[in-house]
1. If the reach is capped at under 21 angstrom between alpha carbons, list the lysines near LYS33, excluding any in the same chain fewer than eight residues apart.
2. Cα axis of helix 126-141 to longest principal axis of the chain: angle in degrees, 0 to 90, nearest 10?
3. Angle, helix 364-374 long axis vs. longest principal axis of the chain, Cα atoms, 0 to 90°, nearest 10?
4. Would you compute, from DSSP H runs of 4+ residues alone, the mean residue ellipticity of the chain at 222 nm, taking -39500 (n - 2.57) per run and dividing by the full residue count, rounded to the nearest 500?
5. Measure out, as a whole number of angstrom, how far apart the alpha-carbon centroids of the range 162-199 and the range 377-411 sit.
6. Among MET176, MET325, rank each residue by its count of other Cβ atoms within 10 Å, from fewest to most, as a rough exposure measure.
7. What fraction of the Cα pairs in the range 504-585, stated in percent, has a spacing above 16 angstrom?
8. Sort 405-411, 530-536, 518-524 by the packing proxy (mean of other Cβ within 10 Å over each peptide's residues), most packed first.
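A short reminder: the numbers here are calculations on the coordinates, not readings from a lab. Computed from a predicted model, the values in this text were never measured in an experiment. Ideal geometry is used to build each Cβ from the backbone, glycine not excepted, and the neighbour counts take in all protein chains shown.
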Amino acid sequence: MTRPRFAPGLLLLVSACLVAGPLAAEPAWRMLKTPRYTVLSQLQENSTRAWAADFDQFIDSIGGSLMNINPALLPPLTVVLMARSKDFDPYKPPRPNGKVAKNIEGYFYRTDGWGVIGLAEHADNEETRRTIFHESVHWLMSADRSPQPRWFSEGIAELFSTFSPHFDKVDWGHPMEYHVLLLRQAGLMPMKDFLAQDNSVFDRDDHTGQYYAQSWALMHFLLVSGHPERREKLLRYIASYRTKSADESFKDAFGGDYAALQKELKDYVDQPRMGYMITPRKPAAPQGEITAAPPLLVELALGRLALSSADKALAGRHADRALEMSPSEPAGHEIKAYIALRDDARELAQAEAERALSAGSRDPEMFILDGDALGTRDAADAGAQARRRVEMYENAINLSPHILETYERLAGALLAVDKPTDEDAKFLEVGRRLFPQQGFIQIGLAQVAYRQGRHDDALRQIDKALASDMLGGQRNVGLSLHDYWIGEILQEQVHEFMSKRQYAEARAALDRGEAQLFDDDRKRYVRELRQSVELQELVQQADTAARGKNPAAARPLFEKLLARSDLPSDLRQYAQRALESLKRAK
């Protein structure tokens, strides 16, 4: 299941920006809408604008370095600025021991469909600021729907997590000592394996910290080392990766010499000093009018912020108030669905997701929940329900195309669809490009090919999938499909050969099929089918000899038939009568 990514942290752009003037007992909420995010603030107008100006510098610095950011494709982000620390206290997340994290004064809560940053007054903690900047980079990069190497997305997020604005300049890419020390002590991961890693690296405990450190180091080496030609190689790699594999992209950009890059990066990490980037501040982005914040938007933003609160009932209270204000508001049901997911109440989450979708939700998690629910319900028209389930997952992919689990769900759902389309295959192809090492997506593509009659292509694809690294349950699905298809293909081939009395060809097909099978029971069935072919061939030969009035040839054939232990009783009686008739004829 797609889980929200919670990043407890603190964001300080300019510490003084978060110091409000004289406050009333209940500070009023103001709203500043920008093309890329919305600010709901209890601060004075000048402090709110100053905060937004610095956050715009952060966004523009990333965009100016490597990517063009299309605001229309960004998941909605709301920034909540609270004027008093005590107002932020109820939203603080719990520590692993269940106690409230009292030293947390801000954090970033991000799902695949939206994000919310919450900040308290006087936020000035460096570590948590870096965490929020890291998550903000991922939020920005989610607007790019093309495939991105995982080391690139994690490396650039770490690189810009050290962003710091000043009066006339900004700086980023500061050396991160803990990454450097880890790499000096543990060494570098082999470069070829490192560059080929996708999301699956985060399912393991052995290399996660090392992977983050090496991602940061490689991006620092390529962007901050003062060698423009390295940046050009990075850009060539990213461009090539949109359509090619990691290995092919490396050859296009770096010439294919992994050992040379490994040595250069090691030397870079081992050097005594590293620099960082200083650039002039960008021209200030235009800011709109600051208005009174609509109470509904405030309730929804605080409800989303409260999803990670130690007070588990807080998000629900905000969602209830939002739905009282606007019963048709989908976000209220979305929050309730996330609450239910947090509490492992999956059926309740699915019910709230259905209500949210009925109200017009565009949250990808709601489509995923509805697709999962369809997979557990009985239906009078199972085919139509299977197709609708596929459409739910494809809707989720359209809204958020970088989530592995959605592609795996789609691949599983297509197993129940009799007539998958070329459009279904296109969705899976996107997933295959994003996650080339995930074999279950390849199994989905094989299923589409098989249902469309491209049997040889299907078998090639499923063989490729089975050669990859898959979870046990997924592998078992692939093995079962593979053997089922081999069985179906064999039945068609044998039936055609037998109708033409091409017994040798039928036996050869069965021998090839048995060699391809994995399951012992299916192999046993093929051997029994082969015996049946041999038996039918022998019956046909004996019958032909008898009808041709060639008793010398017919008698040994009928005797051979009668010697078989697998001869059915009706054929045994026929052979005995024929043999007796041949003996009398003699």
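1. LYS282
2. Compared with the principal axis, the helix lies near 50 degrees.
3. Taking the Cα atoms of the chain, the angle to 364-374 is about 30 degrees.
4. -19000 deg cm²/dmol
5. 37
6. MET325, MET176
7. When every Cα pair of the range 504-585 is considered, 55 percent fall beyond 16 Å.
8. 405-411, 530-536, 518-524
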